[in-house]
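The values are calculated or read from the model by the stated rules, or taken from the named source; none is laboratory data. Values in this document were obtained by computation on a predicted structure and should not be read as measured data. Positions of Cβ are backbone-derived with ideal geometry, glycine not excepted, and every protein chain shown enters the neighbour counts. For accessibility, only protein heavy atoms count, side chains too; no ligands or nucleic acids. Shrake-Rupley method; radii C 1.70, N 1.55, O 1.52, S 1.80 Å.
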Amino acid sequence: DAKTTQPNSMESNEEEPVHLPCNHSTISGTDYIHWYRQLPSQGPEYVIHGLTSNVNNRMASLAIAEDRKSSTLILHRATLRDAAVYYCILRWGVLDTDKLIFGTGTRLQVFP
Amino acid sequence: DAGVTQSPTHLIKTRGQQVTLRCSPKSGHDTVSWYQQALGQGPQFIFQYYEEEERQRGNFPDRFSGHQFPNYSSELNVNALLLGDSALYLCASSPGRMNTEAFFGQGTRLTVV
């Protein structure tokens, strides 16, 4: 299973943008990049995913490097509700497999 | 839509006992996966069920077993409980297509004493 590397923790102030980095230097051509987050006392929730192009949705944006060896999750205006552990995950895209391999993630603190 | 529901929410068992955890997937989802999350760690994949069969399995001993019913709900069974089995057990469901998002339940907190 391909590995990802994320900082253990990051801090932000409310209403400021947040850039959460992820390194995945061993990514293969068929790996999709997924991001999930886990709020305190809850199960993980899906944030966004992409393959090669940058992606936007109502929650966040995903910027993928041209060589795909790194990516950045962008929260455009952090809110207190965004305080969570963010997981960057590679998922094999060849077969119909839904297994998620979580690392330890990045714990994001948001200050008012 | 109730989303993914798990029961019970909390459970305390004694070492050596057996436990059964239950999961109802989100409406329309036919694939159920189970994860174990120790304190301070990310979730670890246990196994996945699709069409009532175990399709994939993570690095967990045979003490961990499961079942999927015709209505797609699922059970996780753990035999001969160890103290180290204390964790949050998460169920996730998905529609079984490639690279769709998985929906997680709130989890069952199992404490083994």
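Interface area, chains B and A: about 1800 Å² of buried accessible surface, summed, with a 1.4 Å probe and ligands, DNA and RNA left out. Count Lys and Arg as plus one, Asp and Glu as minus one, and take only other residues whose Cβ is under 12 Å from that of B:GLN68; the net charge is then -4. Computed from phi, the 3J(HN,Hα) profile of the stretch A:46-54 under the Karplus parametrisation 6.51, -1.76, 1.60 (θ = phi - 60°) reads 5, 10, 6, 8, x, 10, 10, 8, 5 Hz, with x in place of Gly and Pro. The Kirkwood hydrodynamic radius of the protein assembly as shown, based on inverse pair distances between different Cα atoms, is 18.1 Å. Using the Kirkwood radius over Cα pairs, work out the Stokes-Einstein diffusion coefficient for chain A at 20 °C and 1.002 mPa s, in µm²/s as a whole number. It diffuses with D of about 152 µm²/s by this estimate.
Take each residue in B:38-45, count the other chain C-beta atoms within 10 Å of its C-beta, and the mean is 5.
For A:ALA84, the residues whose modelled amide H falls within less than 5 Å of its own, excluding neighbours fewer than 5 places apart on the same chain, are A:LEU108. The stretch A:51-112 and the stretch B:55-97 have Cα centres spaced 26 Å apart.
Of the solvent-accessible surface of the protein assembly as shown, computed with a 1.4 Å probe over protein heavy atoms with every protein chain present, carbon and sulfur atoms account for 49 percent. For the residues of A:99-105, the average number of beta carbons from a partner chain within 10 Å of their own beta carbon is 6. Our summary gives chain A a relative contact order of 37 percent, counting only alpha carbon pairs under 8 angstrom and 6 or more residues apart. For the segment A:33-39, counting C-beta atoms of other chains within 10 Å of every residue's C-beta and taking the mean gives 2.
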